[in-house]
1. Has the stretch A:73-90 got any residue that is among the basic types (Lys, Arg) and under 29 Å from residue B:104 (Cβ atoms)?
2. Among the residues of the stretch A:28-51, how many are surrounded by fewer than 17 Cβ atoms within 10 Å (Cβ to Cβ) and under 20 Å from residue A:237 (Cα atoms)?
3. Please find, among A:162, A:227, A:197, the residue that is surrounded by fewer than 16 Cβ atoms within 10 Å (Cβ to Cβ), out of contact with any Lys or Arg (no Cβ under 9 Å at 6 or more places or on another chain) and not hydrophobic (A, V, I, L, M, F, W, C).
4. Which ones in the stretch B:65-92 are in contact (Cβ under 8 Å) with a residue 12 or more places away in the chain and either more than 10 Å from chain A (Cβ to nearest Cβ) or β-branched (Val, Ile, Thr) (or both)?
5. Any residue that is away from chain B (no Cβ under 14 Å) and either touching a residue at least 24 places away in the same chain (Cβ under 8 Å) or hydroxyl-bearing (Ser, Thr, Tyr) (or both) - is there at least one of those in the stretch A:21-28?
6. Yes or no: the stretch B:146-163 includes at least one residue that is in a helix (DSSP H, G or I), away from chain A (no Cβ under 14 Å), closer than 28 Å to residue A:34 by Cβ and in contact (Cβ under 8 Å) with a residue 40 or more places away in the chain.
7. Quick one: residue A:91 ticks every box in (1) farther than 19 Å from residue A:237 by Cβ; (2) surrounded by fewer than 22 Cβ atoms within 10 Å (Cβ to Cβ); (3) within 19 Å of the chain's Cα centre (by Cα); (4) touching a residue at least 60 places away in the same chain (Cβ under 8 Å) bar one, so which box is it?
8. If you take the residues in the stretch A:78-88 that are surrounded by fewer than 24 Cβ atoms within 10 Å (Cβ to Cβ) and of a type in the set (A, V, I, L, M), which one is farthest from residue A:59 (Cα to Cα)?
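The values are calculated or read from the model by the stated rules, or taken from the named source; none is laboratory data. Predicted model only: the values in this text are computed from it and were never measured. Glycine gets a Cβ as well: all are built from the backbone with ideal geometry, and neighbour counts include every protein chain shown.
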Amino acid sequence: MIGFAGNRALAWLEGLGRIALLGVEVVCSLFSQRVNWRNLTYQLYFIGVKSQSVVLVTGAFTGMVLCAQTYFQFHKVKMDTATLAVVSVAMGSELGPVLTALMVAGRVGAAMAAELGTMRVTEQIDALRTLATHPVDYLVVPRLLATVTALPLLTAESIAVGILAAYAVGTTLLGIDHAYAWHNMLKYTQPQHVLMGVIKAVVFAAVLALISCYKGMHCREGAEGVGRATTEAVVYSSITILISNFFLTLFLTRLLGA
Amino acid sequence: MIEVRQLKKSFGSQRVLEGVDLRVQKGESVVIIGRSGGGKSILLKHLIGLLSPEEGDVLIEGESIARMSERPLLGVRRKFGMLFQGAALFDSLTVAENVGFALRREGKLTENEIAGKVGETLEMVDLGGTQDKKPAELSGGMRKRVGLARAIIYQPQIVLYDEPTTGLDPIVADSIDQLIVRIRERLAVTTVAVTHDMRSARRIGQRILMLHQGRIHFSGTPDEIFQSKDPVVYRFVNGISDPKESNF
């Protein structure tokens, strides 16, 4: 039992080390190699444009449900007009970045791992290497750059849509006075809250892209290997996003004074 | 040009290469034969640095690549072209983009010059006019030809073939063999192929090596190997299974 747990811990640490090495290789590549603009543009389109519907629905319904639930509780203590202030702070610093990153991990992370995994099992990654091309330069760097660029923008969009949807629900369906709601929201929401959300999105994007590319490029043979790599990419990315969010909140709150 | 010294490689507890020694001279055409799963493709991948050995060395023009890291290896690999067993075409790219991939990455030629070179190379492998097709639209034989065009467009000194005729009907297999010989003669390249197809080995190879139990068991001309009385070689060449062994 102890041996089994020890082996699992060692394997986990080894995986962590390899992802860190992949990160170092990406940084070296960024400073020493030309970026493949064609690949980068396609990845930006795939991650940024193709994720629109997912991000809009996630942002809007999260804002709406948060508004409704906050209102139901605040109404009991006659604090109805503070509802939107809570929604905007929560959407800006926590729910916007985390839920957007989780949704993008499910859509984009899975696609990255499946595509690179298929390339690995069909020897396309070996073919790249024989054509004097480093797989990190051609496959990982454009994906990581595109994710780090697109996810903060998607997060900002998700936060804005969430707050707007909450405002619409609060002032129309729930009957909150819109002048007080608006005033309180502006009073309690600081630029630091949104800045925290955007910084978190950059970190989540790097984590998501690195884990997904790593899982794809190191997947085992066959359809089962690709399937497992895809699942692991989404699960590990999601867990890492949730855990790192806690520490980022502690760190960024001190740093930004939010 | 290529020298392998006491190459050993294992996967888990299974030792695949037990100490392989071989030399390939410049311009020579060598075929490595052996049983399926006997380590032929593993050996081939060591020659181009796609795998690194546990023990032993691989020298390309006197330069050891066995323990070289990935970035310096990219420079060494410019001397090589490789045709993979399943062709390994990039399925998101067209035929023209696949064939011109290395030239485009190098960045020395204009798009028009690359298109011209791609056209010429596709003509050389009898696939002119297929530039805009995707790999999924091609037959097995056509995919191998495109893979070959991609491997030779930048005029490498050495071309490696991993099972070039596996999965093809005899007529297409013969045409691929003729193409390999034509490219060797026209581009004066060193050729190393691995196969278990004896007809193909005879057509392509000036020298045939047999890999058996992780070592080079036999080396000779095609005539010598076909006339050999060595029981291992004889059974393999004539396709006779050994009732005492598990043969799968």
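1. No, every residue in the stretch A:73-90 fails to be among the basic types (Lys, Arg) and under 29 Å from residue B:104 (Cβ atoms).
2. Result for the stretch A:28-51: 1.
3. Working: A:162 fails: surrounded by fewer than 16 Cβ atoms within 10 Å (Cβ to Cβ); A:197 fails: surrounded by fewer than 16 Cβ atoms within 10 Å (Cβ to Cβ).
On inspection, the qualifying residue turns out to be A:227.
4. Hits for the stretch B:65-92 are B:65, B:66, B:67, B:68, B:76.
5. Yes, the stretch A:21-28 contains a residue that is away from chain B (no Cβ under 14 Å) and either touching a residue at least 24 places away in the same chain (Cβ under 8 Å) or hydroxyl-bearing (Ser, Thr, Tyr) (or both).
6. Initial filter on the stretch B:146-163 (in a helix (DSSP H, G or I)): B:146-152.
Okay, now just the ones that are also away from chain A (no Cβ under 14 Å), so none.
No, there is no match, as no residue in the stretch B:146-163 is in a helix (DSSP H, G or I), away from chain A (no Cβ under 14 Å), closer than 28 Å to residue A:34 by Cβ and in contact (Cβ under 8 Å) with a residue 40 or more places away in the chain.
7. (2)
8. Filtering the stretch A:78-88 for residues surrounded by fewer than 24 Cβ atoms within 10 Å (Cβ to Cβ) gives A:78-82, A:85-86.
Now narrow it down to the ones that are of a type in the set (A, V, I, L, M): A:79, A:82, A:85-86.
Working: A:79: 24, A:82: 20, A:85: 16, A:86: 15 Å.
Restricting to residues being surrounded by fewer than 24 Cβ atoms within 10 Å (Cβ to Cβ) and of a type in the set (A, V, I, L, M), the top hit is A:79.
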